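*Asks:* This is the structure I have questions about; it appears just below.
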Amino acid sequence: MINDANDYLVSHGAEALAEFVRAAKLVRVDGLLRMSEVTDPPVIEAWLPGFPHWNGRVKLARSMLSVVTGQPGHGKTTLFAQIWYNILRTYNLAGVFGSFETRPKPHYQRMMRQVMFGTAEWKLTPEQIAKADTWIQDHTLWLVRPDRQPDLGWVLDAAEAAVVRHGAAVLQIDPWNRLIPDRGKFERETDFVSRALDRCLDFAKGMNVHVQIIAHPSKGEFAGRKHHPSLEDISGSKHWENKADQGFVVWRPSLFNGTERSTEAELYHLKARYSELGYLCRLKMKYDHNSGIFVSSDETEPKDDTARGMPGESHD
């Protein structure tokens, strides 16, 4: 029996051992690859959010996880309702929304009606409302758990059905803190958040959809509106910043201008893991109270779909 090189040397001699070594082949190590052996990833086909003046600085795409934060009342849900409407309509996609704080009816429905026509809901004609509602019916699905106790497992199971049955390309969870945490008895919060975000990342890549989570920040100096929060200010873990492919903050420097409501707002694109998703930037906007939509800050009187941040014939 040959147990090692010495036994082989004694049995067969030095020349035979040398030949044996020269003829030996390296054992393959799973996962250790040359560049030529690495599989090419799918091409990132980015979606433009419908604001031409942003000039491609912000894009969204399938197989990505984005995280959005900002103080309550600063417009996170409203702005991204507008962005997702623009994307779904421009690219003829469907989305599934877990809107656990903003009710699908009448609030989210009202936002989408207003975005479609760029005017307040009360100004819309019955024909316009019917057109908007037909589009909403065909392009959106809503996660509404009867017992109002959604957890991440239920959300992902229902969203998978939306992807398989209806071709949904987007899953939005809004807000994160309304989910019932399936946290282990002795599991630290940061470990739970890490595990949950891994599940969302796996879902995004496995189902080829964009997953977006809107999460409130914890209390901090920004609560007094001294500065905008960051992704690491989200309650629970720094993993919110580490694991997301993209990170956004919606921020209103001031809620009032004297006795009047302030309309200035800013979108901070704080993280873009891939260049195809745009790059870090600050985008200034105004919220038009008359129409219920956001416009670029230099567009005070939108006159067409392009100026309103609506999908137009061209993007950049």
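The values are calculated or read from the model by the stated rules, or taken from the named source; none is laboratory data. A quick note: this is a predicted structure, and the numbers were derived from the prediction, not measured. Reconstructed Cβ throughout: ideal geometry from the backbone, glycine too, with neighbour counts over all protein chains shown.
*Asks:* Write out, first by first residue and then by second, each pair whose Cβ atoms fall under 6 Å of each other, whose residues are 6+ apart or on separate chains, and whose first residue, in segment 142-161, is small (Gly, Ala, Ser) while the second is surrounded by 12 or more Cβ atoms within 10 Å (Cβ to Cβ).
*Replies:* If the second residue must be surrounded by 12 or more Cβ atoms within 10 Å (Cβ to Cβ), the pairs left are Ala158/Leu143; Ala159/Val96; Ala159/Leu171.
*Asks:* OK, next. Here is a check on your reading of the model: is Asn3 more than 43 Å from the chain's Cα centre (by Cα) and among the polar types (S, T, N, Q)? Reasoning before the result, please.
*Replies:* Details: more than 43 Å from the chain's Cα centre (by Cα): yes; among the polar types (S, T, N, Q): yes.
So Asn3 passes the test.
*Asks:* Which numbered condition in (1) over 18 Å from Glu101 (Cβ atoms); (2) loosely packed, with under 15 Cβ neighbours inside 10 Å; (3) acidic (Asp, Glu) is the only one that Glu121 fails?
*Replies:* (2)
*Asks:* Separate question: Looking only at segment 66-85, decide whether some residue is more than 13 Å from the chain's Cα centre (by Cα), touching a residue at least 24 places away in the same chain (Cβ under 8 Å), under 20 Å from Gly167 (Cβ atoms) and surrounded by fewer than 22 Cβ atoms within 10 Å (Cβ to Cβ).
*Replies:* The answer is no, given that none of the residues of segment 66-85 is more than 13 Å from the chain's Cα centre (by Cα), touching a residue at least 24 places away in the same chain (Cβ under 8 Å), under 20 Å from Gly167 (Cβ atoms) and surrounded by fewer than 22 Cβ atoms within 10 Å (Cβ to Cβ).
*Asks:* Can we say Gln128 is surrounded by fewer than 18 Cβ atoms within 10 Å (Cβ to Cβ), touching a helix residue (DSSP H, G or I) at 6+ places or on another chain (Cβ under 7 Å), free of Cβ contacts under 8 Å to residues at least 24 places away in the same chain and not basic (Lys, Arg)? Before the answer, list the steps.
*Replies:* Values: surrounded by fewer than 18 Cβ atoms within 10 Å (Cβ to Cβ): yes; touching a helix residue (DSSP H, G or I) at 6+ places or on another chain (Cβ under 7 Å): yes; free of Cβ contacts under 8 Å to residues at least 24 places away in the same chain: yes; not basic (Lys, Arg): yes.
Yes, satisfied.
*Asks:* Can you tell me which residue is farthest from Val68 (Cα to Cα) among those in segment 158-202 that are in contact with a His (Cβ under 9 Å, 6 or more places away or on another chain) and not in a helix (DSSP H, G or I)?
*Replies:* Ranking the candidates gives Ala169 first.
*Asks:* Do we have any residue at all in segment 91-102 that's among the acidic types (Asp, Glu), free of Cβ contacts under 8 Å to residues at least 24 places away in the same chain and surrounded by 11 or more Cβ atoms within 10 Å (Cβ to Cβ)? Before the answer, list the steps.
*Replies:* The initial filter retains those residues of segment 91-102 that are among the acidic types (Asp, Glu), namely 101.
Filter once more, keeping what is free of Cβ contacts under 8 Å to residues at least 24 places away in the same chain: none.
Within segment 91-102, none of the residues are among the acidic types (Asp, Glu), free of Cβ contacts under 8 Å to residues at least 24 places away in the same chain and surrounded by 11 or more Cβ atoms within 10 Å (Cβ to Cβ).
*Asks:* Could you tell me which residue of segment 245-300 is farthest from Asp202 (Cα to Cα), considering only residues that are modelled with pLDDT of 90 or more and among the basic types (Lys, Arg)?
*Replies:* Once the filter is applied, the top-ranked residue is Lys286.
*Asks:* Here is a follow-up. Of Gly184, Gly167, which residue is touching a residue at least 12 places away in the same chain (Cβ under 8 Å) and surrounded by fewer than 21 Cβ atoms within 10 Å (Cβ to Cβ)? If you could, list the steps in order and put the result at the bottom.
*Replies:* Values: Gly184 fails: touching a residue at least 12 places away in the same chain (Cβ under 8 Å).
None of the others qualify; the one that does is Gly167.
*Asks:* Another question, then. Can you find, within segment 88-129, the residue that is modelled with the lowest pLDDT among those that are of a type in the set (A, V, I, L, M) and either under 23 Å from Asp147 (Cα atoms) or in contact with a His (Cβ under 9 Å, 6 or more places away or on another chain) (or both)?
*Replies:* Pass one, segment 88-129, residues of a type in the set (A, V, I, L, M): 88, 93-94, 96, 111-112, 115-116, 120, 124, 129.
From what is left, the residues that are either under 23 Å from Asp147 (Cα atoms) or in contact with a His (Cβ under 9 Å, 6 or more places away or on another chain) (or both) are 88, 93-94, 96, 120.
On the way: Leu88: 98, Leu93: 98, Ala94: 98, Val96: 98, Ala120: 94.
The qualifying residue modelled with the lowest pLDDT is Ala120.
*Asks:* Still on this structure, please answer the following. Looking at segment 249-291, which of its residues are touching a Gly at 6+ places or on another chain (Cβ under 9 Å), in a loop (DSSP other than H, G, I, E, B) and not hydroxyl-bearing (Ser, Thr, Tyr)?
*Replies:* Arg252, Leu255
*Asks:* Then there's this: Of all residues in segment 1-41, which are closer than 30 Å to Asn208 by Cβ and surrounded by 10 or more Cβ atoms within 10 Å (Cβ to Cβ)?
*Replies:* Selection gives Leu33 alone.
*Asks:* Considering only helices (runs of 4 or more DSSP H) fully contained in segment 14-127, which possess at least 1 residues that are among the aliphatic types (A, V, I, L, M) and under 21 Å from Ser297 (Cα atoms)? Break it down into steps so the answer makes sense when it comes.
*Replies:* Working: elements: 14-23, 76-90, 109-117.
Those helices (runs of 4 or more DSSP H) span 76-90, 109-117.
*Asks:* Still on this structure, please answer the following. Before we move on, is Ile44 within 17 Å of the chain's Cα centre (by Cα), closer than 30 Å to Gly236 by Cβ, surrounded by fewer than 19 Cβ atoms within 10 Å (Cβ to Cβ) and among the β-branched types (Val, Ile, Thr)?
*Replies:* Values: within 17 Å of the chain's Cα centre (by Cα): yes; closer than 30 Å to Gly236 by Cβ: yes; surrounded by fewer than 19 Cβ atoms within 10 Å (Cβ to Cβ): yes; among the β-branched types (Val, Ile, Thr): yes.
So Ile44 fits the description; yes.
*Asks:* Then there's this: Looking at segment 200-228, which of its residues are at pLDDT 95 or above and either out of contact with any helix residue (DSSP H, G or I) (no Cβ under 9 Å at 6 or more places or on another chain) or exposed (fewer than 14 other Cβ atoms within 10 Å of the Cβ) (or both)?
*Replies:* Residues satisfying the conditions are Asp202, Ala204, Lys205, Gly206, Asn208.
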